[in-house]
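The values are calculated or read from the model by the stated rules, or taken from the named source; none is laboratory data. Only a predicted model underlies this, so the values are computations on that prediction, with no experimental measurement involved. Note that we place each Cβ from the backbone using ideal geometry, even for glycine, and neighbour counts take in every protein chain shown. For the accessible areas, the whole protein counts, side chains as well, though only heavy atoms, and no ligand, DNA or RNA atoms are used. Shrake-Rupley method; radii C 1.70, N 1.55, O 1.52, S 1.80 Å.
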Amino acid sequence: MRRKVLDVAEESFQARGYHASSLGDLMAAAGVSGGALHHHFPTKKALALAVIDERVAAAVEETWIVPVQAAASAREGVRAVFEAVAAQLEQQGFVRGCPLNNLAHELSLADPDFRAALAGIFSAWRQAIADKISADQRAGREQGTDPQRFAALAVATYSGAMSMAKTAQDATVLRDCLAALGEA
């Protein structure tokens, strides 16, 4: 039941946003009573923090961190992620945006606990890319690249591109960034 509530909340927060997702709507969609919901998540904030910690962080890990770590180089990993996400968005035919970005835009100023949870995911994401650049440097590549700056650029480029793709409902901007990354 906890997983079902998280599934419904994750989907609703992504599609409509946290503030537009009422607990009543979430309970109805999950098919649970208020008591059952509150047994696992005493407040809507607790539910949102669980979505951030368990679902959004896992999505960043799966979509970004694991592929970059497994790639032959950080740059190849970053380009591969841009390619994979652009292809997925083109296949599904619509763009909801990045779950992390969507919640960060909506919640970062709303509550310090939300801000800290979201910032922690961004930090882990950046650190994973920076660590890969450092590994590349130990292997004799990327000698002129500052790992932290490259990581910030990669995350900011992706985050901005996803926001623009969501607004335009078109993944072309991801392809444009991918092309520019190939030139860098």
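Go through region 21-53 and give me each residue that's open to solvent by less than 10 Å² (accessible area, probe 1.4 Å), closer than 8 Å to Val5 by Cβ and assigned to a loop (DSSP other than H, G, I, E, B).
Listed by number, the list holds a single entry, Phe41.
Among Ala80, Ala58, which is closer than 23 Å to Ser108 by Cα, surrounded by fewer than 17 Cβ atoms within 10 Å (Cβ to Cβ) and small (Gly, Ala, Ser)? I'd like the intermediate steps shown before the answer.
On the way: Ala80 fails: closer than 23 Å to Ser108 by Cα.
Checking each option against the conditions leaves just Ala58.
Pick out the one residue from Arg175, Arg138, Arg149, Arg126 that is over 15 Å from Val78 (Cα atoms) and open to solvent by 40 Å² or more (accessible area, probe 1.4 Å).
Values: Arg175 fails: over 15 Å from Val78 (Cα atoms); Arg149 fails: over 15 Å from Val78 (Cα atoms); Arg126 fails: over 15 Å from Val78 (Cα atoms).
Exactly one of Arg175, Arg138, Arg149, Arg126 is over 15 Å from Val78 (Cα atoms) and open to solvent by 40 Å² or more (accessible area, probe 1.4 Å), namely Arg138.
Cβ-Cβ below 8 Å, separation at least six or inter-chain, first residue in region 71-94 and touching a residue at least 12 places away in the same chain (Cβ under 8 Å), second open to solvent by 60 Å² or more (accessible area, probe 1.4 Å) and in a loop (DSSP other than H, G, I, E, B): which pairs?
What qualifies is Ser73/Arg141; Arg75/Ala184; Phe94/Gln169.
How many residues does region 2-20 hold that are of a type in the set (A, V, I, L, M) and loosely packed, with under 13 Cβ neighbours inside 10 Å? Even if it seems obvious, please write down each step before you answer.
So the first thing to find is which residues in region 2-20 are of a type in the set (A, V, I, L, M), and the list is 5-6, 8-9, 15, 20.
Now narrow it down to the ones that are loosely packed, with under 13 Cβ neighbours inside 10 Å: 15, 20.
Residues that pass the stated criteria total 2.
I want to confirm something. Restricting to region 106-157 and keeping residues that are in contact with a Lys or Arg (Cβ under 8 Å, 6 or more places away or on another chain) and assigned to a loop (DSSP other than H, G, I, E, B), which single residue is farthest from Arg55 (Cα to Cα)?
Top of the filtered list is Glu142.
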